[in-house]
Amino acid sequence: MSDRKAGLRGAGLAMLAVCLLALLGGGWLLLARSRADEPASQPAPTSVPVTAAEATRRDVPVNLTGIGNVQALNSVLVRARVDGTLDSLNFTEGQEVKQGDLLAVIDPRPYKATLDQAQAKKAQDEAQLENAKLDLARYTSLARSQFASRQSVDTQQAMVNQLAATVQGDDATIEAAALNLSFTHVTAPLDGRAGLRQVDPGNLIHATDTTGLVTITQLHPIAVVFTLPEQDLPQVEDGMRAGTLPVLAYDSRDRAKLAEGKLLTPDNTIDTTTGTFRLKAIFPNPDDRLWPGQFVTVRVQVATDHNVVTVPSQAVQRGQDGLFVFVVKPDSTVAVQPVEMPLDEDGTAVVAKGLSGGEQVVVNGQSRLSNGTRVSANGSAPVPSTPAPPSGT
């Protein structure tokens, strides 16, 4: 009996455990079902941080850009015009010289002696001329009294004429000797900067030497010769008819502005091999920022676009359908706005179509944007200012 009771008790405990497990499973099922019936909570929308700038209206200069090099307005290789020993050089390399300044002295003694000889020869010939004139007067007087023949008078007259011509030749010889003597003092032919000397004092130099003594280059003003494509020629001509065109010279990397000047003239031909034409501009160059032989980037302002819409260049994006910008709407979302950009220079893009001015456009952070994306403009980017036109525009 005891064994039977124990068996019944074990079976009862097993059934109780099964019931408890069933109750727990039903509770978990009801809890899961109730949670499934609750509406799912939506995550709060996030904003993409961007930098925005305002599309503004302003006057924008229209520039044509070309590559050129600086040329001295005048450059002279100073050479000796007579042979002789170079006594001295009277300039310092790199010195600014004025026209007429003494640069070098060649030994003048041989040329001074030649001048003295020519002057002495003239004095001798003048004395003979005076004597011949006196003889002519005597023959003329005797011919009137029939004491001298007419032939003797004519012969004496020819002698006077011959001696007079000799004196004239002596004057020319003296002038040539004086000129050669002056050539022993070499002077600056123009205002400019002296280069490196090509010969040292004490050397024997000749008028036929090709190296010369020194090169003088004019730096104030100075010229820049550059090229533009042939299709830009009509714009240049139209601008020159309207007035003087300002020109800006930048360094070869097109970063630092070096000088301001004006366009002098385009060349009279177009290079058929390259389809370009040359132009020359003049720069005052007061601070010597331009140097002969230097390569520069040149911008010539041919016109000015008035009251056009501008945005920072980085605001304009390129897509499959063309150029566009992201415009920030009042509800802090962005919209894709197609635009047309005829000009982009110095960080400023001119928008001909698509914007009217006053819109906020995204400048930084476009990579995470699409049409309708919510944004937070955490700062306005400064709109690049258009460089002021050079004085005299």
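Quick notes on this one:
- Residue within the range 294-311 that is at negative phi, loosely packed, with under 12 Cβ neighbours inside 10 Å and more than 17 Å from the chain's Cα centre (by Cα) present: yes
- Any pair with Cβ under 6 angstrom, 6 or more apart, that starts in the range 139-161 at a residue that is in contact (Cβ under 8 Å) with a residue 24 or more places away in the chain and ends at one that is assigned to a helix (DSSP H, G or I) and among the charged types (D, E, K, R): Gln156/Asp135; Val160/Lys133
- Each residue in the range 267-293 was checked for being buried (at least 20 other Cβ atoms within 10 Å of the Cβ), over 25 Å from Pro342 (Cα atoms) and touching a Pro at 6+ places or on another chain (Cβ under 9 Å), and 2 of them qualify.
- When Phe147 is tested against (1) part of a loop (DSSP other than H, G, I, E, B); (2) under 57 Å from the mean Cα position of the chain (by Cα), only condition (2) is not met.
- Subset of the range 90-125 [more than 18 Å from Ala80 (Cα to Cα), charged (D, E, K, R) and touching a helix residue (DSSP H, G or I) at 6+ places or on another chain (Cβ under 7 Å)]: Lys121, Lys122, Asp125
- Qualifying residue in the range 225-237 (condition: modelled with pLDDT under 95, within 30 Å of the chain's Cα centre (by Cα) and assigned to a loop (DSSP other than H, G, I, E, B)): no
- Set side by side, the residues Leu73, Leu129, Leu64 differ, and just one is in contact with a helix residue (DSSP H, G or I) (Cβ under 7 Å, 6 or more places away or on another chain), more than 30 Å from Asn180 (Cβ to Cβ), at pLDDT below 95 and surrounded by 15 or more Cβ atoms within 10 Å (Cβ to Cβ), which is Leu64.
- So Leu213, is it over 30 Å from Arg79 (Cα atoms) and either touching a strand residue (DSSP E or B) at 6+ places or on another chain (Cβ under 7 Å) or outside the structural domain of Leu86 (by TED's automatic domain parsing) (or both): no
- Answer from Val105, Val70 - the residue that is more than 31 Å from the chain's Cα centre (by Cα), outside any loop (DSSP other than H, G, I, E, B) and either β-branched (Val, Ile, Thr) or in the same structural domain as Glu230 (by TED's automatic domain parsing) (or both): Val105
- Looking across Ala281, Ala315, one residue alone is out of contact with any helix residue (DSSP H, G or I) (no Cβ under 7 Å at 6 or more places or on another chain), closer than 22 Å to Asp238 by Cα, not aromatic (Phe, Trp, Tyr) and not assigned by TED's automatic domain parsing to the domain that holds Gly94. It is Ala281.
The values are calculated or read from the model by the stated rules, or taken from the named source; none is laboratory data. What you are looking at is a predicted structure, and each value in this text was computed from that prediction instead of being measured. Positions of Cβ are generated from backbone atoms using ideal geometry, with glycine treated the same way; all protein chains shown enter the neighbour counts.
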